[in-house]
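Report on the structure given below.
The values are calculated or read from the model by the stated rules, or taken from the named source; none is laboratory data. None of the values given here were measured: they were computed from a predicted structure. Neighbour counts are summed over all protein chains in view; Cβ atoms, including those assigned to glycine, are modelled from backbone coordinates with ideal geometry. Accessible surface areas use protein heavy atoms only, side chains included; no ligands, DNA or RNA. Shrake-Rupley method; radii C 1.70, N 1.55, O 1.52, S 1.80 Å.
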Amino acid sequence: MVMHRLRRRWHSEARAGRGPGLWAAGFLLTLMSCTQPQDAGEIDGAGPRSAAPPVRPDVATIQWPHAGPPPLSSRRFTDFVTNVRATPEIAHTINGALLYLHATQIRDRSGSLSSLYDHCQTPQRTCEEVVLVNRLGGRGYREVSGLVGDHRIRNAVGEWANTIHFLPERLGDARGQSLLAVQDSNPFVTAGILYPLYFLDDTSLPPHGQLTEPMRSLAVASLAGYRRGEAYNFWRERPGETSPAPRTGPVNLPVRRIETLAKLLMGPLNPLWKAATAGQDLQPEGWVRRVLDREENPYGFDAAFNIPNDADDTAIVVATQKLHSLLQPRDGITPDMAALRVLPRFRDVGRTKHAAYGDWTGGRATGAFLTWLKDENLDTFSAPGQGIMPLGVNNVVCVVNANALFSLALNNASGWAGFGDARRMLVDVVHARAWVDDCDLYYPQLMMLPYALSRAVRDGGMMHDPALRAAMGVLLGDLLKMQREDGSFPGGKDRTSELSTALAASALLNIGAEVAQDAGLFNAHQRAVSRAIGYLMASRQSRALALSGVEGDAGAEGFAWRAGLFFAGADGTLAQWRSEPYSTAISLEALVKFALGHDLTTATVVTGPRWRLDGSWLRAAR
């Protein structure tokens, strides 16, 4: 019945001159069924799932049956596709994801609320300091207060919460979530959530419904706090605990208590540590012993977390500043080009050191950007003000270089040293499929490289670079082969599927229909996109919005997606970072790009259209 109505509408529009035109008679549009995902504990690898999917007719799939190419340059074509994709249910889900992100952005709220979204100020206690405790049995986490004792939870206005999970492969549940999860702050999550918000436009709504501009302003302002010296760090600089030297580190891990535990695990409790980590490649044990050695390291256990500035966070922060300067100029934010200029000074050229752990290059000089912005030839524990390089050696990471390309291209710096080498390395990595197993020490999330590289190529204006365009075609083919029966994508060490699917869907939309058409994969590409969007629609979770503070939103519905793995230490064996707001933001990005027809053009985040929010949550509460 639905198909009959669509065909009848299509033909009538064609006759009236309003629809796609004469080619409409041969153009097929089908409604995809979405799959209710299985429990994440059953997910292992990229294999298909056999569960029969319940029908959820929300997501349109475009299929082109003719030998000739679809008319991607036709405005009528793109208008029609976006019209049938942007269903009321898609729009409702986009609204709900935005409302959830508004409700969970850390702000100084009235009363003492959860530290996951209420700003915690010290020395006064202005929030309820919580730790997440795993309820086990696949029931997720619950917030528990009173576990931190005299230690104060810290967070920052404008950010969103993310949590650290220790030894998840041994102490975690079926989803890789540990018994306890500790809140963290870093610029990666903030910038990652901020990016999709640039695709939203609520300027036509009444003032109390205009949420995105204040959210973006708070978020981008928070990034400046991660500048340490001449570039940016994963953590904010703080006073030292075990020495007078300033240091960085997780804001909610008490260094002295962790040091005491480390001494026990490296000493009398070492057999227990060995038993708990048997079979895992935990190179950091030797590193912890070096950190505890006061003769080699006079700065104490601060050094364990006092990492140097890095190319990844520096590139992402400056890219975000550039986008903000173009898309919300009234805030006066300008890109920190001085910080970005540090990247070319630290490249994989003429090195004598090579990492014994996580080195996938085989000692070959790539010329690409190194992760850490510190001279690795210095004594390991010297110059703590510049940070202490983990394991005392630098490394080359693919996602880091993809983010560097993104920032450099966006800031018109593609002529700088290292850009061409990083580009060549990433092209080779895609053709060799090295991204699947080898080249992302800190990103065990399998879909992070397709997402980061496709974004760099798309938003960096490099879609017509022959080598990169060819690499996008290869990447597209690999992604199509990886998709599961239910529309989801594997996440590598991530045992959940929501974040990995959102990242993959966004990558497919970034790669676009032109590349798919050139590869003879237009229909397969469209099916894959719609199936991924269908999976996201089926896996969304409703959230109460009592904290959003939006006038008239009492009857609104928020949506979130389960926290997925986005970052890790020691290749995911030692610690993993997860965030429900981050998973939600990337899902929002995929939904908005799908509804806007991002895949049908080569427009960038700067030049492309915006999704106009309808404010239906305001009307629903009247």
* Asked: Is it true that some residue in the stretch 398-418 is hydroxyl-bearing (S, T, Y) and either surrounded by 24 or more Cβ atoms within 10 Å (Cβ to Cβ) or under 18 Å from N309 (Cα atoms) (or both)?
  -> yes
* Failed condition for H431, given (1) of a type outside the set (A, V, I, L, M, F, W, C); (2) assigned to a loop (DSSP other than H, G, I, E, B); (3) farther than 20 Å from V317 by Cβ; (4) in contact with a helix residue (DSSP H, G or I) (Cβ under 7 Å, 6 or more places away or on another chain), with all others met? -> (2)
* So which of G225, G209 ends up being touching a residue at least 12 places away in the same chain (Cβ under 8 Å) and open to solvent by less than 10 Å² (accessible area, probe 1.4 Å)? -> G209
* To do: Scan (1) modelled with pLDDT under 95; (2) assigned to a helix (DSSP H, G or I) for the single condition S222 breaks and write down its number.
  => (1)
* Looking only at the stretch 189-206, decide whether some residue is open to solvent by 20 Å² or more (accessible area, probe 1.4 Å) and closer than 16 Å to E159 by Cβ. => no
* **Criterion: crowded, with 24+ Cβ neighbours inside 10 Å and modelled with pLDDT under 95 - qualifying residue of G549, G558, G534** => G558
* the stretch 228-253 - residue that is open to solvent by less than 10 Å² (accessible area, probe 1.4 Å) and among the small types (G, A, S) and, of those, modelled with the highest pLDDT -> A231
* Asked: Got a sec? Which of P384, P335 is in contact (Cβ under 8 Å) with a residue 60 or more places away in the chain and more than 22 Å from P196 (Cα to Cα)?
  -> P384
* Residues of the stretch 576-617 being of a type outside the set (A, V, I, L, M, F, W, C) and part of a helix (DSSP H, G or I), which ones? -> E580, P581, Y582, S583, T584, S587, E589, K593, H598, D599, S616
* Structure fact -> Checking K263, K274 in turn, the sole residue that is among the charged types (D, E, K, R), open to solvent by 60 Å² or more (accessible area, probe 1.4 Å) and touching a residue at least 24 places away in the same chain (Cβ under 8 Å) turns out to be K263
* Asked: In the stretch 308-339, how many residues are in a loop (DSSP other than H, G, I, E, B) and within 16 Å of Y226 (Cβ to Cβ)?
  -> 5
* For T35, state whether it is at pLDDT below 80, among the β-branched types (V, I, T) and open to solvent by less than 20 Å² (accessible area, probe 1.4 Å). => yes
* Within the stretch 78-88, identify whether any single residue is part of a helix (DSSP H, G or I), open to solvent by less than 50 Å² (accessible area, probe 1.4 Å), over 28 Å from A219 (Cβ atoms) and of a type in the set (S, T, N, Q), and answer yes or no. => yes
* Complete set of residues in the stretch 402-422 that are touching a helix residue (DSSP H, G or I) at 6+ places or on another chain (Cβ under 8 Å) and in a helix (DSSP H, G or I) -> A402, N403, A404, L405, F406, S407, L408, A409, L410, F419, A422
* Identify, from the list L340, L323, the residue that is touching a strand residue (DSSP E or B) at 6+ places or on another chain (Cβ under 9 Å) and buried (at least 17 other Cβ atoms within 10 Å of the Cβ). => L340
